[in-house]
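The values are calculated or read from the model by the stated rules, or taken from the named source; none is laboratory data. From a predicted model like this one, the values you see are computed outputs, not experimental measurements. Cβ: placed from backbone, ideal geometry, glycine included. Neighbour counts: every protein chain shown. These accessible areas exclude ligands, DNA and RNA; they are computed on the full protein's heavy atoms, side chains included. Shrake-Rupley method; radii C 1.70, N 1.55, O 1.52, S 1.80 Å.
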Amino acid sequence: MRGIPSRFLMAAAVVLGLVLVVLVSASASSSLLPGPVLWALVVLDAIVLSASVFELARRRVRGPERG
């Protein structure tokens, strides 16, 4: 993830967070997706979201990259 700009990671984290909220709220009501598919998407989204947040936190701790 070194080549990805931090602003893009922040925007992706926001979008992934919103998608996670929508998917979880869709699981509470009737959805067009079957239950296992919906929860697989929730888990996948949560994993990618946590990786983005972790990378942003790591960049903040390490400071600006040189080189």
| query | So how many residues does region 1-48 have that are farther than 30 Å from Arg60 by Cβ and of a type outside the set (Ser, Thr, Tyr)? | reply | 11
| request: Look at region 10-64 and say how many of its residues are open to solvent by 60 Å² or more (accessible area, probe 1.4 Å) and acidic (Asp, Glu). | output: 0
| query | What pairs come up if the first residue lies in region 3-27 and is in contact (Cβ under 8 Å) with a residue 12 or more places away in the chain and among the aromatic types (Phe, Trp, Tyr), the second is surrounded by 12 or more Cβ atoms within 10 Å (Cβ to Cβ) and part of a helix (DSSP H, G or I), and their beta carbons are under 6 Å apart, counting only those six or more places apart or on different chains? | reply | none
